[in-house]
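Student: Handing you this structure, nothing more for now.
What follows draws every value from the coordinates through simple rules; no lab data is involved. From a predicted model like this one, the values you see are computed outputs, not experimental measurements.
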Amino acid sequence: MVKKKKVKENPWFRERVKSKEKWSFIPVNWKGFVVLVLLVGVNVFSANYFNLEELVWNNYLKAGVIFLLSMFVFIEIAKLKCEGTRG
């Protein structure tokens, strides 16, 4: 017996066509736009909070950690919300 793959009806992000990775960062509905705006907002806030205009190595490390964590969370959300979409 062949199991049918579950198809999501309302993906948050556009699916890639010519890639083995099926997710993309281009939003297609309001939920995807909200997540993308939150990603940008978190990174702009962290840059302002840690005063990146000053040349202090410690501030750059803290902002870099926040940037990498926020990108990881965004990528995982995009993968999860595009999994099983129609091609």
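Student: May I ask you to evaluate 6.51 cos²θ - 1.76 cosθ + 1.60, the Karplus curve with θ = phi - 60°, for each residue of segment 56-69 and list the ³J(HN,Hα) values in order in whole Hz, giving x for glycine and proline?
Tutor: 10, 4, 4, 5, 5, 5, 5, 5, x, 5, 5, 4, 5, 5
Student: Given H placed on each backbone N at 1.01 Å, which residues far from PHE13 in sequence or on other chains put an amide H within less than 5 Å of it?
Tutor: Close amide H contacts, sequence-distant or interchain: VAL28.
Student: Something else about it: Give the Rg/Rh ratio for segment 32-82, taking Rg as the radius of gyration of the Cα atoms and Rh as the Kirkwood radius, to two decimals.
Tutor: Checking Rg against Rh, the ratio lands at 1.07.
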